[in-house]
Amino acid sequence: MAMPYRSGIFDSIIRLISPLVFLLAYILDPVNSANILGLFAYPGKSHFMVLKAIMMELAKKGNNVTVVSSHSINEKLENYNELLIDPPLDYWSTIKTELGYGDMFEMRDMSTRETYQMMNLIGFTTTDYFLENNHVKNLINNAGNQQFDLIIVEQFFQDAVLMFGKIYKAPVVAINTYSIENHMSTMMGLVIPWAHSPQDFLPYCDRMNFWERLHNTFSSLYSEYNRKYNFFPQQHSLIRKHFGHLSEAIPSMEELEKSVSVLLANNYIPLDIPKPMVMGIVYIGGVHIPPPKNIVWDIKRFIDDSPRGVIYFSLGTNLKSSDIPQEKLKAILNVFKKLKQRVLWKWEDEYLPNCPDNVMIKKWIPQSDVLAHPHVNYFITHGGLLSIQEAVYRNVPILGIPIFGDQHINMKRATELGFGFKLDYHNLTEESFSWAINELITNPQYSTKMREISKIFRDRPVGAMHTAIYWIDYVIRHKGGEYLKPAAVDIPWYSLYLIDIILFIGFCIFLSVITIILLVWLIYYIRNRYKENQSYKKIISKEI
């Protein structure tokens, strides 16, 4: 007899029991007051939002947490010791100078090679600056005098920092603040099919045509080449420079990457493209999103007093709206002043010339809290992952204007899922921008689809923070994650993807074909010689 479909009551019971399973794990095998060191070399503010949320939660749970970063949590928290990299490195100025860009909006047409060149440069300059800091030097030189139960790092092109796991002989948990990259296959033993998993810097999704798959394959191969022959040597030189005076042997970069016990990836379904997974990679997308807090009075009044709702406009923490070229800025302002809705705009300068009456500008806006306000109906964004996660979590449809990096693939995914769409920066004119905003406001499909996607994103056995803390405690309890990784971590990438097998089979087929051709030719040759001999014998016999 067929089993009846689970009732809604049974589903509710399962949802209630699932968090208790995690709680039971804490009770049976608790972690008490572990000493945890967080090392975050990348000075990006948006990245630190994810890292800060996790480290603060670890401190609140009674762990002794030391964090080295460029940003303060700006509050007093027991068990939380912050060592600041001050002043923070202005790495974007270096990037623009080295790569010849006037501002970040000019980076919209970067090639794959230029993108990796930029990431290598970011990785080298930020890591070197981080390791030169006195706080970090003290940690390096005093490795034998203090002990940490766990090292937490950000996995974002600063791989030399993984050396701290070696000198402190502690397990390492890495937090990836954007998404899972294809190169992480060799790091975590994850077989990522290039056929439906595009590189983060490509504007493709999981259903690629032949030419897109070809482009993705070459980009993935170039990524492996770049890491092995450009990125790894740069990072290894930093290890020799800053750790070379220690007695600890310096391992290869491949060995250091494999030392990561668990990778916490800041993404979740359906925003990330579905792919095969391994136990050592754990999705924690949305971990940085807290319950909404009160908004400062002037912004709150501006939103509350908007009878037709509010459009929120922000290009994130790296891109600056104040750097938008004058021609495009004029087009945006002309469209805004015709709207019946109000516009709350993250604008980095004190003054915006010709600012319409229905527009409020602010240097910094509590984005997640603003998006949670019921009067904020639409979001114009650059397509950064954290912004999209907050929009989905708060159920606000989006219009994206991606510029570089993973913003293109994020907006591609948003468009395919139907909760938003992309306006190409090249085509941003008064007419196109007006059409895009009108489409977002008047077409109900984006709001309808966003409600559906928001439910899926929120639907998980336990919350993102509970998941992150559980797996961090797991690594501390078991002193690593040895049993979470498959043997694939020790297999070269070309073997992992069976490229050597394919080449071998191809060679065997080629050899077989050549052998057959030679045999046919030999048979044909022997046969012709035989005929020639027979003819010759006949001629000789006649002459005799």
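The values are calculated or read from the model by the stated rules, or taken from the named source; none is laboratory data. Treat the numbers as computed from the prediction; the structure is a model and nothing was measured. Positions of Cβ are backbone-derived with ideal geometry, glycine not excepted, and every protein chain shown enters the neighbour counts.
Structure notes:
- Residue satisfying condition, being in contact (Cβ under 8 Å) with a residue 12 or more places away in the chain and touching an Asp or Glu at 6+ places or on another chain (Cβ under 8 Å), within set Met118, Met104: Met104
- Test: residue in region 368-376 that is over 24 Å from Met104 (Cβ atoms), in contact with a Gly (Cβ under 8 Å, 6 or more places away or on another chain) and aliphatic (A, V, I, L, M): yes
- Counting only residues that are over 22 Å from Asp103 (Cβ atoms), touching a residue at least 40 places away in the same chain (Cβ under 8 Å), of a type outside the set (Asp, Glu) and in contact with a Lys or Arg (Cβ under 6 Å, 6 or more places away or on another chain), region 320-369 holds 1 of them.
- Number of residues in region 39-65 that are touching a residue at least 40 places away in the same chain (Cβ under 8 Å) and either among the small types (Gly, Ala, Ser) or out of contact with any His (no Cβ under 8 Å at 6 or more places or on another chain) (or both): the value is 13.
- Taking the criterion of being within 19 Å of the chain's Cα centre (by Cα) and more than 29 Å from Ile54 (Cα to Cα), the residues of region 224-271 that qualify are Glu224, Asn226.
- Selection count, region 287-316, where residues are more than 26 Å from the chain's Cα centre (by Cα), within 30 Å of His71 (Cβ to Cβ), assigned to a loop (DSSP other than H, G, I, E, B) and of a type outside the set (D, E, K, R): 3
- Among (1) of a type in the set (D, E, K, R); (2) closer than 14 Å to Ile281 by Cα; (3) over 22 Å from the mean Cα position of the chain (by Cα) - the single one Glu452 does not satisfy: (2)
- Residue within region 264-276 that is closer than 18 Å to Gly189 by Cβ and surrounded by fewer than 21 Cβ atoms within 10 Å (Cβ to Cβ) present: yes
- Only one of the numbered conditions (1) part of a helix (DSSP H, G or I); (2) over 29 Å from Pro402 (Cβ atoms); (3) without any contact (Cβ under 8 Å) to a residue 12 or more places away in the chain is violated by Gly165, and that is (3).
- Yes/no for Gly506 being in contact (Cβ under 8 Å) with a residue 12 or more places away in the chain and more than 22 Å from the chain's Cα centre (by Cα): no
- Against the numbered list (1) at pLDDT 90 or above; (2) surrounded by 16 or more Cβ atoms within 10 Å (Cβ to Cβ); (3) among the hydroxyl-bearing types (Ser, Thr, Tyr), Tyr229 comes up short only at (2).
- Failed criterion for Ala174 (all others in (1) buried (at least 22 other Cβ atoms within 10 Å of the Cβ); (2) of a type outside the set (D, E, K, R); (3) part of a helix (DSSP H, G or I) hold): (3)
- The one condition from (1) charged (D, E, K, R); (2) in a loop (DSSP other than H, G, I, E, B); (3) free of Cβ contacts under 8 Å to residues at least 40 places away in the same chain that Lys228 does not meet is (2).
- Within region 317-347, the set of residues being part of a loop (DSSP other than H, G, I, E, B) and basic (Lys, Arg) comprises Lys320, Lys337, Lys338, Lys340.
- Failed criterion for Leu333 (all others in (1) surrounded by 17 or more Cβ atoms within 10 Å (Cβ to Cβ); (2) farther than 22 Å from Ala391 by Cα; (3) not assigned by TED's automatic domain parsing to the domain that holds Phe379 hold): (3)
- Where strands (runs of 3 or more DSSP E) fall wholly inside region 349-443, the ranges with 3 or more residues that are in contact with a strand residue (DSSP E or B) (Cβ under 6 Å, 6 or more places away or on another chain) are 359-362, 376-381, 398-400.
- Yes/no for Ile456 being modelled with pLDDT under 95 and closer than 24 Å to Glu181 by Cβ: no
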